[in-house]
Amino acid sequence: MQKYDFETLIDRHGHDAIAVDGIGQVPGFAPDPPKDGYDFIPMWIADMNFPTASSITDAIIKRASHPAFGYFSPSEEYYEAIKWWHKTRKGESDVQRADIGYENGVLGGVISAMRVFAEPGDGVLLHSPVYIGFRNSLSKNGYRLVYSPLKRDEEGVWRMDYEDMDRKIRENHIHVAVFCNPHNPCGRVWTREEIAKAMEVYEKNDVYVISDEIWSDLMMNGSVYTPAQSVSSWAHEHTAAFYAPSKTFNLAGLVGSYSVIYNKYLRERIQGVSARLIYNSMNVFSEHALIGAYSEEGNSWLSQLLFVLSENVNLAASYVGNKFEGVTTFRTQGTYMMLLDCTEWLAAHGKTQHELLKRGWDVGVGWQDGASFEAPTSIRLNLASPTSRIREAFERMDKLVFNCEW
């Protein structure tokens, strides 16, 4: 088995990476550049600072060696790779070629499904904190966002409030919900029982479900993913699920995702909307990248990656729990993102969220404002970097941000 290098720091500057080249370029969204004497540690954009699996680059190079790039249709190998991956990594043995549809991106798929289930002005149920992409894409397309806040229990674990979900659905006459499994930005991996209870609420209220499962391969510390469609026969027939290899293998720049929709009527309607948008066509390199990713070698690479990411999650949670008084977090179970709740720290030190963010940016900690995710006194962190860099970032937070005189 090939052993992959997840510790060598790769230089992404000038290589199409918003994570490093975008700092200081988008006021209010991107971090400011650090002060002199500090290098920048990218912990904001949700991509990874690791080289991807060699099976992917090999597949792309092999295809690029043939000098014709005309019109094409996805190959049988493409569909077989998805079916194999779902059976091997997700425990889904019933995915058939007919169930699979292409989307340029998960958010595009969400909007295609929304156009089937709702009209502009209609309400859609989401959990908050919420992924900024949901918030922006849904609101820009005219849908009314209704949030059911997630709550942290006495042990700090994020939980759904089923009574609140039911009430918000009825009060707002909602018939479609966007579900995030695992949850971004909270990092919660929902159990089968939790998903089943959510589906019972949706079923009782005749709510169709659009489930973003793009993070489903990234399970930390042995957490177990449950496909939302698998918890009941109703969920199987009333849920449109969207996936992509982009988060798992750092392929966002290649563009390409796919849907799994078992209900033929819903699948044909959603794919019909996508087709009418015209833009929704696969890139040939995206096809071959997925085939390279969803392979034995890609599987081995991912298993090694998860060990490193779990170590980073544990390191971060230990720093927060032991050294950052007034800051709390949930030990991420899925995704490589972590949300720091700084509410008590800000109050105790008389600082604003902006001041805290700026302090981190000044010393090269490129974290992200939680306000964009409906978490106004929280900070979102990307932990997908070599462990040495994550350790350096938290040492700076300890000595230069949370536990020092400003």
- Message: What are the membrane-span-like helices in the chain by this rule: whole DSSP H runs, Cα extent along the axis at least 20 Å, mean Kyte-Doolittle hydropathy at least -1.0?
- Response: 296-323
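Hey, what number do you get for the chain at 222 nm if only DSSP H runs of n ≥ 4 count, each worth -39500 (n - 2.57), divided across all residues, to the nearest 500?
-12000 deg cm²/dmol
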- Query: What nm distance separates the two modelled labels at Ser139 and Ser281, each placed 7 Å from Cα along Cα→Cβ?
  - Reply: 3.4 nm
- Viscosity 0.890 mPa s, temperature 25 °C: Stokes-Einstein D of the stretch 259-406 from its Kirkwood Cα radius, in µm² per second? 134 µm²/s
- Query: Which of Lys87/Lys168; Lys35/Lys247; Lys83/Lys197; Lys151/Lys204 have a Cα-Cα distance over 29 Å?
  - Reply: Lys87/Lys168; Lys35/Lys247
- Query: Of Phe242, Gly14, Asn382, which is farthest along the charge dipole of the chain in the positive direction, counting Lys and Arg as +1 and Asp and Glu as -1 at C-beta?
  - Reply: Phe242
- Query: Direction-averaged shadow area of the convex hull around the Cα atoms of the stretch 362-406, nm²?
  - Reply: 3.6 nm²
- Place +1 on the Cβ of every Lys and Arg and -1 on the Cβ of every Asp and Glu in the stretch 294-369, take the dipole about the Cα centre, and give the residue among Asn312, Leu357, Ala347 whose Cα lies farthest towards its positive end. Ala347
- Query: So which aspartates and glutamates pass the test for Lys90, namely a Cα distance under 15 Å, with those fewer than 8 places away in the same chain ruled out?
  - Reply: Glu80, Asp212, Glu213, Asp217, Glu296
- Normalized C-alpha radius of gyration of the stretch 102-182, against 2.2 N^0.38 Å? 1.13
- Query: Where Rh is the Kirkwood radius over the Cα pairs of the chain, the temperature 4 °C and the viscosity 1.567 mPa s, what D in µm²/s does Stokes-Einstein return?
  - Reply: 59 µm²/s
- Query: About the Cα centre of the stretch 259-369, what is the dipole size in debye to 20, counting +1 per Lys and Arg Cβ and -1 per Asp and Glu Cβ, all else neutral?
  - Reply: 420 debye
- Of the beta bridges DSSP finds with both residues in the stretch 51-191, what % are antiparallel, to the nearest 5? 20 percent
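Apply 1/(1 + (r/R0)^6) to the Cβ-Cβ distance of His236 and Lys358, taking R0 = 51 Å, and write down the FRET efficiency to the nearest 0.05.
On the way: r = 48 Å, r/R0 = 0.94.
Approximately 0.60, to the nearest 0.05.
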- Cα centroid of the stretch 250-315 to Cα centroid of the stretch 332-383, whole Å: 29 Å
- Query: What is the dipole size for the chain, taken about its Cα centre, with +1 at each Lys and Arg Cβ and -1 at each Asp and Glu Cβ, in debye to the nearest 20?
  - Reply: 440 debye
- Task: Please report, in Å, the Rg and the Dmax of the stretch 190-236, where both are computed over Cα atoms only.
- Result: 11.3, 36
- Using the per-residue mean of other Cβ atoms lying within 10 Å as a proxy for protection, in what order, highest first, do the peptides 166-178, 137-149 fall? 166-178, 137-149
- Note on the structure: Cross-link reach from Lys323 to lysines, straight Cα distance under 22 Å and at least 8 residues apart if same chain, gives Lys351, Lys358, Lys399
- Message: Largest first, please: the extent of the C-alpha atoms of the stretch 102-147 along each principal axis, to the nearest Å.
- Response: 29, 22, 15
- Note on the structure: If Leu315, Leu356, Leu266, Leu9 are placed from fewest to most neighbouring beta carbons inside 10 Å, the sequence is Leu9, Leu315, Leu266, Leu356
- Simple Cβ-charge dipole of the stretch 185-326, Lys/Arg +1 and Asp/Glu -1, about Cα centre, in debye nearest 20: 280 debye
- Query: Using alpha carbons only, what's the Rg to Rh ratio of the stretch 226-295 with Rh from Kirkwood?
  - Reply: 1.02
- Cα→Cβ-extended label distance, 7 Å offset, between Ala68 and Ser318, nm: 5.7 nm
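None of the figures in this text is laboratory data; all of them are computed from the coordinates on show. All figures in this text were calculated on a predicted structure; none of them were measured in a lab. Neighbour counts are summed over all protein chains in view; Cβ atoms, including those assigned to glycine, are modelled from backbone coordinates with ideal geometry.
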